[in-house]
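We did not get these values from a lab; they are worked out from the coordinates using the rules stated. Computed from a predicted model, the values in this text were never measured in an experiment. A quick note on method: Cβ atoms are made from the backbone with ideal geometry, for glycine too, and the neighbour counts reach across all protein chains shown.
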Amino acid sequence: MTDIIAPPRVVGTMGASLLNLNGMIGAGIFALPALLYVGLDSFAPIAILLFAIPTACLAVSVCKLSTLFDGSGGVQLYVETALGKFTGFQVGWFVICASGTGRAANFLVLVSYLAALFPVFDGPIARPLTVLAFIAFMTILCVLGTKRSMGGIWVGTLFKLAPLVLLCAVGLGTNGFPVNIALPSFSGLESVALLIAYAFSGFATSTVAAGETKNPRTAIYRSVIMALIGVAIFYAIVQWAYIAIGPETTDAEVPLAAAAQKLFGDWGAVMISVAAVFSIATNQLCGFITFPRVLSGMGERKLLPKFFAHVSPRFLTPDYAIISYGVFVAAIAISGSFATLAILLVAVEQAIFALSLISFGVLWKSNFRGLRDTTGPRWLIILPVAVAMVAWMSLQVPATAILSTTGMITVGAVLYWLARSRVSRQLPDVVET
């Protein structure tokens, strides 16, 4: 019998912060400014900063749970520990579906930006082949080592943020800082709530890869808070710069490219398009680093066949889980079925957050690993705000998503019993410490 191989802990606090940052900053930032400006006008940057406050309460709640665990899996692990294996499996199923759908959709957006720069990537054959090539590249890169993958994240982050920083610096320096603020109606704020929620989606990405993080019980907490504060300020500055530059509203589909073109000419639009390619690609790579760890963690804890828990003896990565995730994303991207699942993304995320807050309450009541002893009076404010945030966001979800989510739960239940039957003859189940 071979010894169990564990992936090395190669991700530090800054690396974990980078995962969270890239989990939040992807394709959305290149379309969000115009959409928020239409809905909220000059109040949009303030709305972003205000929205970050309840989001931070939710983030702190998830972060607090991360201080109790050393292993990978994130919310899936927390829910499994508090609410049992069936609910934990459902959360894992939701995470994989939501992340896989998002990755598939973003690959199509990535190739669209690339085709706009280089028409050779356009066409009914070239586009799907390019998508598959990107998926294969990221899958192989992540299998070859977490440290190599994180190197790609650092490079991609530099190339995507530098043009945006330049745009903001020149835009605000040339046109001045917008000072006039018009308060929006409450209905206007509700209309863009899901958009702002989408902007902050991914704030807890690093929790999923905690098993490969140095000192995860402290590093994860710090990384989430650092990234959330930084991204909120960055989003607000980008929004202010967009308002100050004031590009033509007819270019609302590519607002930052329109803003850059107004400032720098045609090369400015190209610069932002290149930044968009790097931004989406880095966001995708971030997903390929983290989300397969949900599969490998579930394999380690016997929720899935041990096939998913396999670690490459050469590269020390959960190779089978990464490859399986890549195949799943490729199947959705090529079939185009992601369009049906796309409306579920926000609904699924709210369900996951709701279960994480319930898990917090269960683990607090049992004083799991001293949780109750380390939650002071401030949590009487943090938790209610987090609960109210999830409840309000759930009310914004389209009613059509409820039926589809129910269908996902049903499919997840079937998969759970099938998976459990495959591992029923293995060793007794052990929950990650």
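Here are the numbers for this structure:
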| quantity | calculated |
| --- | --- |
| Cα principal axis extents for region 259-332, largest first, Å | 56, 27, 18 |
| By average C-beta atoms within 10 angstrom, highest first, the peptides 295-302, 156-163, 262-269 | 295-302, 156-163, 262-269 |
| Span-like helix ranges in the chain, DSSP H, alpha carbon extent 18 angstrom or more, Kyte mean at least -1.0 | 44-66, 85-117, 126-143, 146-175, 216-245, 266-290, 319-335, 344-365, 379-396, 400-423 |
| Summed side-chain charge close to residue 217 - residues other than residue 217 whose Cβ falls under 11 Å, Lys, Arg +1, Asp, Glu -1 | +3 |
| Inter-part distance where region 26-104 and region 355-382 are each reduced to a Cα centre, Å | 19 Å |
| For region 23-172: rounded, prolate or oblate by the Cα gyration tensor [a/c cutoff 1.5] | oblate |
| Debye, to nearest 20: dipole size of the chain, +1 on Lys, Arg Cβ, -1 on Asp, Glu Cβ | 1340 debye |
| Net charge over other residues, Cβ less than 15 angstrom from the Cβ of residue 155 (K, R count +1; D, E count -1) | +3 |
| Estimated 222 nm signal from helices in the chain, with DSSP H stretches of n ≥ 4 weighted -39500 (n - 2.57), rounded to 500 | -24000 deg cm²/dmol |
| Peptides ranked, highest mean first, by Cβ atoms within 10 Å: ranges 323-330, 46-53 | 323-330, 46-53 |
| The chain - percent relative contact order, Cα under 8 Å, separation 6 or more | 34 percent |
| Gyration tensor verdict on region 353-419 (Cα atoms; rounded if a/c is under 1.5, prolate if a/b is larger than b/c, oblate otherwise) | oblate |
| Charge dipole (the chain, unit charges on Cβ, about Cα centre) - positive-most of 278, 143, 100 | 143 |
| Farthest positive-ward along the chain dipole, Cα basis, beta-carbon charges - from 237, 174, 81 | 81 |
| Net dipole in debye of region 215-294 [+1 Lys, Arg Cβ; -1 Asp, Glu Cβ; about Cα centre; nearest 20] | 600 debye |
| Rg/Rh ratio calculated on Cα atoms of region 10-103 (Kirkwood radius) | 1.04 |
| Region 293-337, relative contact order in percent, only Cα pairs under 8 angstrom and at least six apart counted | 27 percent |
| Which of 313, 376, 12, positive extreme of dipole for the chain (C-beta unit charges) | 313 |
| Pairs from 147/306; 64/302; 85/160; 64/306 whose Cα-Cα separation, in the structure shown, is over 32 Å | 85/160 |
| Per-peptide average of other Cβ atoms within 10 Å, ordering 100-108, 387-395, 84-92 highest first | 100-108, 84-92, 387-395 |
| Descending Cα extents along the principal axes, the chain, whole Å | 66, 54, 40 |
